[in-house]
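The values are calculated or read from the model by the stated rules, or taken from the named source; none is laboratory data. Every value quoted in this text rests on a predicted model; they were computed, and no experiment measured them. Positions of Cβ are backbone-derived with ideal geometry, glycine not excepted, and every protein chain shown enters the neighbour counts.
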Amino acid sequence: MELDWVIVMIALFVALPWLVLHYVTKWKTAPKLTDGDEQMLEELYQLARRLDERMDTVERLVAADSPDFEKPRLIADNADDNAALAEIERKLKERTAR
């Protein structure tokens, strides 16, 4: 019975704090995004937007030329997607304004 209490006390006062501190230290030393990484992400985001606009144009041209063209499964101007994109753009503007 006494051995059980010793094990519980060691677990509570030694093992648990060690585990928490270990992972806090790992989290703080994890690599962060550098300015170059952020710039590259911004460029990739802008490229993806341009490619999306081009795909919309191509789909409109094909739909105009071919009446049996089926609309893509993804909707180009979905309000939910546009809201998420607007939020991303707002965050990018905030970050570049700093």
Contacts under 7 angstrom Cβ, first residue in the stretch 44-65 being outside the structural domain of N82 (by the TED database), partner surrounded by 10 or more Cβ atoms within 10 Å (Cβ to Cβ) and in a helix (DSSP H, G or I), 6 or more apart = none
Would you say L51 is assigned to a helix (DSSP H, G or I) and modelled with pLDDT of 90 or more?
-> yes
Of the residues that make up the stretch 4-20, is at least one aliphatic (A, V, I, L, M), within 18 Å of the chain's Cα centre (by Cα) and surrounded by fewer than 11 Cβ atoms within 10 Å (Cβ to Cβ)?
-> no
Test: residue in the stretch 4-12 that is outside the structural domain of K91 (by the TED database) and small (G, A, S) | yes
For D81, indicate whether it is out of contact with any helix residue (DSSP H, G or I) (no Cβ under 8 Å at 6 or more places or on another chain), within 24 Å of T96 (Cβ to Cβ) and surrounded by 10 or more Cβ atoms within 10 Å (Cβ to Cβ).
-> yes
Provide a single number: the residues in the stretch 35-61 that are farther than 22 Å from D81 by Cβ and under 16 Å from the mean Cα position of the chain (by Cα).
-> 4
